[in-house]
Amino acid sequence: MTTEPFLLDEDITAQPEHVAPRSRWADLPVHLTLLIIGLAIATPIIISFFISFTPLRELVSRANPSILPDTWTFDNYEKAWNATPFGRFVLNSFIQTGIITAAQVLFSILAGYAFAMFEFKFKNALFAILIGSLIVPFELTFIPNFLLISDLGWANTYAGLTVPFLASAFGVFMMRQFFLSIPRDLYDAAKIDGASDWKYLWAVMTPLSKGAISAFTIFAFLSAWNQYLWPLIITNEENMRTAQIGIRFFLVNQERATDWGAIMAGAVIVMIPTLLVFIVAQKQLVKGIAASGLKG
């Protein structure tokens, strides 16, 4: 009796085809392009930083301006802080940004969960309207918002600064996309165990969504902190101005020369929170974008 070897349709011992190693220079054009873009973005920030340490007399008298100051001074920061109630402006910015960020994160989680998990009448139509609102620039809704806030008597109040921005269509979309990526089996198991939808959201979905929530929190913070047009229009009292608006009201010195050193010092102070947030949370930001389905 002869036996023949058992043959497979494909030889499992076959070695994979040789793949040519990727050249170390293959990504060089991409890296150079990103470096040039990064330098273009960082250059104004670097120049502002150096000017903030340059005395006014040096800025005015220079025949050939240079970036590095000949004499370093912290006087510009003292003048920026004391020329106007800049501390009050910074406090207003933190209050405005904190309220907007907290509200947008909360409402985005709730609305995103509803769109991802529930079936209700006109769900698709409402979501289409939500997505459509993303392409509407704020300038088109600026006048209606201003008239409404003024009629309510909320000008020069924290309510006027924050109410038009308490919800974010982008945040709802982002959270919905992430919630849809979580297996539905977890929801079914939670319902079998007797968990309510409310408990499932906060005990299961929210902990699993830390990356997406952190990423959107950063987006919301940066967007709220950098607002300029709306606080400029809705506030005309000094004690309600934000830091971004307060910079433009810095006084002109006696020689009628604009004190660019103090202005740049104020700008650096305003930039510090955003830079710190980005430096500390940049890894979480990238992870959140990738996990929420917003990558290309």
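The values are calculated or read from the model by the stated rules, or taken from the named source; none is laboratory data. Remember, it's a predicted structure, so these values are computed and weren't measured experimentally. Note that we place each Cβ from the backbone using ideal geometry, even for glycine, and neighbour counts take in every protein chain shown.
Here are some notes:
Each row is one residue, and each column tells you yes or no for (1) touching a Leu at 6+ places or on another chain (Cβ under 8 Å); (2) not basic (Lys, Arg).
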{"site": "Ala102", "(1), (2)": "no, yes"}
{"site": "Val105", "(1), (2)": "no, yes"}
{"site": "Tyr113", "(1), (2)": "yes, yes"}
{"site": "Met117", "(1), (2)": "no, yes"}
{"site": "Lys121", "(1), (2)": "no, no"}
{"site": "Thr141", "(1), (2)": "no, yes"}
{"site": "Pro144", "(1), (2)": "no, yes"}
{"site": "Thr157", "(1), (2)": "no, yes"}
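- Residue match in segment 103-118 (condition: exposed (fewer than 11 other Cβ atoms within 10 Å of the Cβ) and closer than 30 Å to Ala190 by Cβ): yes
- Restricted to helices (runs of 4 or more DSSP H) entirely inside segment 55-143, those with at least 1 residues that are within 30 Å of Glu238 (Cα to Cα) are 56-61, 75-83, 86-117.
- Whichever residue in segment 187-202 is among the acidic types (Asp, Glu) and not in a loop (DSSP other than H, G, I, E, B) and, among such residues, is surrounded by the most Cβ atoms within 10 Å (Cβ to Cβ): Asp197
- Ala262 being modelled with pLDDT of 90 or more and either buried (at least 20 other Cβ atoms within 10 Å of the Cβ) or not in a helix (DSSP H, G or I) (or both): no
- Restricting segment 170-186 to residues that are surrounded by fewer than 17 Cβ atoms within 10 Å (Cβ to Cβ) and of a type outside the set (Val, Ile, Thr) leaves a set whose member that is farthest from Val105 (Cα to Cα) is Asp185.
- Boolean, Arg24 is farther than 22 Å from Pro231 by Cβ, surrounded by 10 or more Cβ atoms within 10 Å (Cβ to Cβ), of a type in the set (D, E, K, R) and modelled with pLDDT under 85: no
- Complete set of residues in segment 207-239 that are surrounded by 15 or more Cβ atoms within 10 Å (Cβ to Cβ), part of a helix (DSSP H, G or I) and polar (S, T, N, Q): Ser214, Thr217, Ser223
- All told, Ala155 falls short of being on the phi < 0 side of the Ramachandran plot and in a helix (DSSP H, G or I).
- Cβ separations smaller than 7 Å between residues 6+ apart or across chains give the following pairs from segment 44-71 residues that are farther than 15 Å from Thr258 by Cα and of a type in the set (S, T, N, Q) to residues that are surrounded by 12 or more Cβ atoms within 10 Å (Cβ to Cβ) and at pLDDT 80 or above: Thr71/Pro55.
- So Ala257, is it modelled with pLDDT under 90, within 20 Å of Ser48 (Cβ to Cβ) and not aromatic (Phe, Trp, Tyr): yes
- Residue check, Leu140 at pLDDT 95 or above, within 24 Å of the chain's Cα centre (by Cα) and not hydroxyl-bearing (Ser, Thr, Tyr): no
- Of the numbered criteria (1) within 18 Å of the chain's Cα centre (by Cα); (2) assigned to a helix (DSSP H, G or I), the one Ser150 fails is (1).
- Restricting the first member to segment 235-248 and to residues that are closer than 13 Å to Gly87 by Cβ, and the second to residues that are among the charged types (D, E, K, R), the beta-carbon pairs closer than 9 Å and six or more apart or on different chains are Glu238/Arg88; Asn239/Arg88; Arg241/Arg88; Gly246/Arg88; Gly246/Glu238.
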